Amino acid sequence: MKNPSDTLRSFFHRNRGTASSAPAVQAESLALPALVLEAEKIAASLQSGVHGRRRSGPGEDFWQFRPYHAGEPATSIDWRQSARSPVGDMFWVRERERENAQSLMLWCDPSPSMQWCSSDSLPTKAERAQLCTLALASAALRSGERAGLLTGIEAGRALAGRQVLPRLAASLLRPDAGEPEFPRMALVPARSDLVVISDFLWDEERIDTFLKTCASRPVRTHLLCILDPAERELKRSGRIRFEGLEGGVLTLPAMESLGAAYEQAMNAHLAALKQSAASLHADCIMHDTSQNPLPALLALHMALGGGR
């Protein structure tokens, strides 16, 4: 049997043709408000599920007062200190040692293989990845932190304030042509969190190279692996022709005879992904597009808060 990465990335897909740019832009303008609204709903659920990543409160030492930054929650302002300020119209924030705003950088895999779903009742992997990316960004922005993307026109810009969410969404829906196959690590600020969202149907050498590159930088890496349920279990029968979204054609006879071997190979691939991530101190969380994304995002949100 072929490498599961090669087989899965060329999973059955009928030619959908090439859409013109005008309909694509129109579709984006319709999708943007819905995407932002859904991401905000999930972010609110994340915040109600666990405390934010910042650990302020009794028992933590005061560090310094610093100027209030536009876009931060008004509740972070120390009004008494601001009233004493010798500088007019200057607001101050009481910053504690473990309360520094963090940067959350997110890479949403823009490769064509993400544009696939096994059923019209399911989102494509790209659609689910975009929703998860934006929900995590929204949760970070709600907590007074900075969030940024590593794709599109906003690549490398860590932004603050809940009002920037539509801007991030617009950039997310229109990645640049010729995006690199890996996140551009040079754009990730030191001591920040990096979330990588993909199907990770890569060969093991590529996974190892990518994770070692992440480990060489002073960042904390988190993986969210998004798969269609048909990629977890092979439940097709008969002779099927696979047309890869990234090129290549594969015809397999008697698909029903390959189910057990396929499932074994897929489980081995995912186990290797998790083992490689763990060996380099990266979190790896799995998500199936047929499921509600909230449990996976809650687990990831908690992992992002660890050690703060």
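Quick note: the coordinates plus some simple rules give every number you see, no bench work behind them. A quick note: this is a predicted structure, and the numbers were derived from the prediction, not measured. Because the Cβ atoms are built from the backbone with ideal geometry, glycine has one as well, and the counts that use them run over all protein chains shown.
Find, among the GluC sites (Glu not before Pro) in region 140-228, those assigned to loop by DSSP (not H, G, I, E, B) with at most 12 other beta-carbon atoms within 10 angstrom. Mind showing how you got there, number by number?
Details: sites: Glu145, Glu154, Glu181, Glu204, Glu205; in loops: Glu145, Glu154, Glu181.
Answer in residue order: Glu181.
In what sequence, highest mean first, do 222-229, 282-289, 155-162 appear when ranked by Cβ atoms within 10 angstrom?
On the way: 222-229: 22.6, 282-289: 20.2, 155-162: 17.2.
Listed from highest to lowest mean packing, they are 222-229, 282-289, 155-162.
Using θ = phi - 60° and the Karplus relation 6.51 cos²θ - 1.76 cosθ + 1.60, list the HN-Hα couplings for region 262-269 in order, rounded to whole Hz, with x at every Gly or Pro.
After applying 6.51 cos²θ - 1.76 cosθ + 1.60, I find 5, 4, 5, 5, 5, 4, 5, 5 Hz.
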